[in-house]
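I have a structure I would like to understand better, so I am pasting it below and will then ask my questions one at a time.
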Amino acid sequence: ACAEPMPARILIAGGGIGGLAAAVALARGGQSVELLEQAAAFSEVGAGIQLGPNVTRRLKALGVLDAARQLAARPASVAVRDAQDGALLARMPLGDSIERKYGGPYLCMHRADLHAVLLQAAQALGPRIELNTGTPITQVAARGDTVCLGSGSHHAWEGDGLVGADGLWSLVRSRVVEEAAPPRATGHTAWRALARIEALPSVLRSADVQVWLGERLHAVAYPVRGGGWLNLVILAEVQPGGVGAKKQDPADWDQQADMAALLAAIGNRCDGVFPLIEAMPQWRAWQLNDRAPLAGPQEMVRGRVALLGDAAHPMLPYLAQGAGMAIEDAVALAERVGNCDADSLPAAFGRYASARWQRNARVQARARRNGEVFHASGAKRVARDAALRVLGAHLLDNPWLYEG
Ligand code: FAD
């Protein structure tokens, strides 16, 4: 009889939603994983996150869907309105109907809750996953069949393979893609706020995903934390042309923003959302960067180094699928890697890149296009609104995405 293959040792750089999902998926397949996170403690900044059925089916495959459901809200529908006068343009049911159609629920969660669920699953896998915090990777090298990571001058790790899940400003990316271009500054800013539902006037409470479309901006609100909190995001074009991407200090990438700056940026382009904006206790601003859609599998994998999530394909959040694609990547990677040995890892990584790059590129391109449609003005806006009124749910559904 054949001997069981000796599992590979896989290093993961980054312990965000993508890195933790990859650790859980790979360890469940039998691999031994060491994850290195720069932050002093595992935590997730940010506010809400929407998870379509394509993503929740993957959470089920990772064994965390039940835990996620308990902390999530399950909205009844998505309603699209005009940002100026609040008039309803289209509605699509979510709830039971989308779950029946696509085999997974549509959930809205606080990002910290999803991150905590994945962290708990990683911890439960015990010795198969080693989790390190306070370890910023500063060097990446490949020597023969070994990948080496360095953190400062005193720490080094060796593995048979490396997964770069180190986000938008990925260091690992430079081992896969030889181009110096930084992410693209889109000139779009996301202002985000959270409020307890019970603290809001009753007319502002809603269990739906609500979207308001305005000129050069849109707003999205949905419940999180079992429906107890409302998450509101205003996404606005504030610097036409952009000013060139620059890496922000991690301490201020998620900046405290004052209401006056937000109101100056949105002007009178979304009066229909104003009562909700005014009711929010505190705002944070987040500048949005993306990259051109992936051009081929060579932008996701080279040899023993694979990229995953924002490290590979950062995108505008206008299809609400950035973290979703990171989770899909994680599950797809583990499916290709299985319990293969160190020698088979480059081929398995190659199959992962071939399986994933086109879908990721399509989602990136669609997110950019959604920005143009959501923020349209003049005749384009009139045509868009007419189409939404006539086609409604048909236009809001995304079978290619949710079935995939
Ligand atoms: P990250 O979350 O950036 O994690 C990277 C991790 O790597 C971090 O923990 C970081 O500290 C660590 N790291 C970085 N460099 C190093 C290093 N050198 N050494 C060690 N560790 C390192 N997505 C959705 O699916 N649904 C949504 O509704 C949604 N809404 C969004 C709304 C907004 C306003 C924005 C901006 C994004 C939204 N997204 C959404 C997208 C989503 O946030 C990202 O795509 C997702 O978080 C990417 O996960 P990641 O693990 O790849 O990267």
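The values are calculated or read from the model by the stated rules, or taken from the named source; none is laboratory data. Note that the coordinates shown come from a computational prediction; the quantities given were computed from them, not determined experimentally. Heads up, the Cβs are rebuilt from the backbone with ideal geometry, glycines too, and the neighbour counts pull from every protein chain shown. Ligands, DNA and RNA are stripped out before the accessible areas are found, and what is left, the full protein with its side chains, is counted by its heavy atoms. Shrake-Rupley method; radii C 1.70, N 1.55, O 1.52, S 1.80 Å.
Relative to the compact-globule scaling 2.2 N^0.38 Å, provide the ratio for the alpha-carbon radius of gyration of the range 361-404.
Output field value: 1.27.
Relative contact order for the chain: what percent, with Cα pairs under 8 Å and sequence separation of 6 or more?
Reported relative contact order: 24 percent.
Treat every Asp and Glu Cβ in the range 21-130 as -1 and every Lys and Arg Cβ as +1, leave all other atoms uncharged, and give the resulting dipole magnitude about the Cα centre to the nearest 20 debye.
Values: 12 positive and 10 negative charges, 95 e Å.
Dipole size: approximately 460 debye.
Something else: Which one, PRO201, THR133, LEU171, is farthest towards the positive end of the dipole of the chain when Lys and Arg carry +1 and Asp and Glu -1 on their Cβ?
Of the candidates, PRO201 comes out farthest on the positive side.
Moving to a separate point now. For a quick check, take a GNM of the chain with Cα springs below 10 Å and name the residue from SER153, SER32, SER170 with the largest mean-square fluctuation.
The residue that fluctuates most here is SER153.
Summing Lys, Arg as +1 and Asp, Glu as -1, what charge do residues with Cβ under 11 Å from the Cβ of VAL331 carry, VAL331 excluded?
Local net charge: +3.
Using 0.36 nm per residue of separation minus the Cα-Cα distance, give me the extension gain between PHE274 and ARG100 in nm, one decimal.
This chain segment gains 59.1 nm when fully extended.
Here is a follow-up. Taking all protein chains in place and a 1.4 Å probe, what share, in percent, of the accessible surface of the chain do carbon and sulfur account for? Mind showing how you got there, number by number?
Numbers: 8810 of 17040 Å².
On the chain, the fraction of accessible area on carbon and sulfur atoms equals 52 percent.
Mind running the shape call on the chain? Use the C-alpha gyration tensor, a ≥ b ≥ c as the square roots of the eigenvalues: rounded below 1.5 for a/c, prolate if a/b tops b/c, oblate otherwise.
Values: a/c = 1.84, a/b = 1.66, b/c = 1.11.
Here the chain falls in the prolate category.
Relative contact order of the range 1-127: what whole-number percent is it, with Cα pairs under 8 angstrom and at least 6 residues apart?
For the range 1-127, the relative contact order is 30 percent.
Mean separation of Cα pairs under 8 Å and 6+ residues apart, divided by the residue count of the range 284-372: what relative contact order is that in percent?
Relative contact order for the range 284-372 comes out at 42 percent.
Work through the residues other than ARG302 whose Cβ is under 11 Å from its Cβ and net out their charges, Lys, Arg +1 and Asp, Glu -1. Each step should come with its number before you reach the end.
Details: positive: ARG173, ARG175, ARG304; negative: GLU178, GLU299.
Net charge in that neighbourhood comes out at +1.
Solvent-accessible area per residue for the chain at a 1.4 Å probe radius, Å²?
42
Follow-up. Report the one residue of ALA260, ASN360, VAL211 whose Cα lies farthest in the direction of the positive end of the charge dipole of the chain (charges on C-beta: Lys and Arg +1, Asp and Glu -1; origin at the Cα centre).
Farthest towards the positive pole: VAL211.
Please work out the Kirkwood hydrodynamic radius for the range 68-114, using every pair of different C-alpha atoms, and report it in angstroms with one decimal place.
12.1
Report the charge-dipole magnitude of the chain in Debye, nearest 20, computed about the Cα centre from +1 at each Lys and Arg Cβ and -1 at each Asp and Glu Cβ.
Result for the chain is approximately 840 debye, rounded to the nearest 20.
Related question: Work through the residues other than GLY104 whose Cβ is under 9 Å from its Cβ and net out their charges, Lys, Arg +1 and Asp, Glu -1.
Result for the neighbourhood of GLY104: +2.
Here is a further query. What angle do you read, to the nearest 10 degrees and between 0 and 90, between the alpha-carbon axis of helix 345-374 and the longest principal axis of the chain?
Relative to the chain, helix 345-374 is tipped by roughly 10 degrees.
Something else about it: What is the calculated FRET efficiency for ALA181 to ALA261, with r their C-beta to C-beta distance and R₀ = 22 Å, to the nearest 0.05?
0.15
Next question, about the same structure. If each DSSP helix of 4+ residues adds -39,500 (n - 2.57) and the sum is divided by the residues in the chain, what number results at 222 nm, nearest 500 deg cm²/dmol?
One gets -10000 deg cm²/dmol as the mean residue ellipticity at 222 nm.
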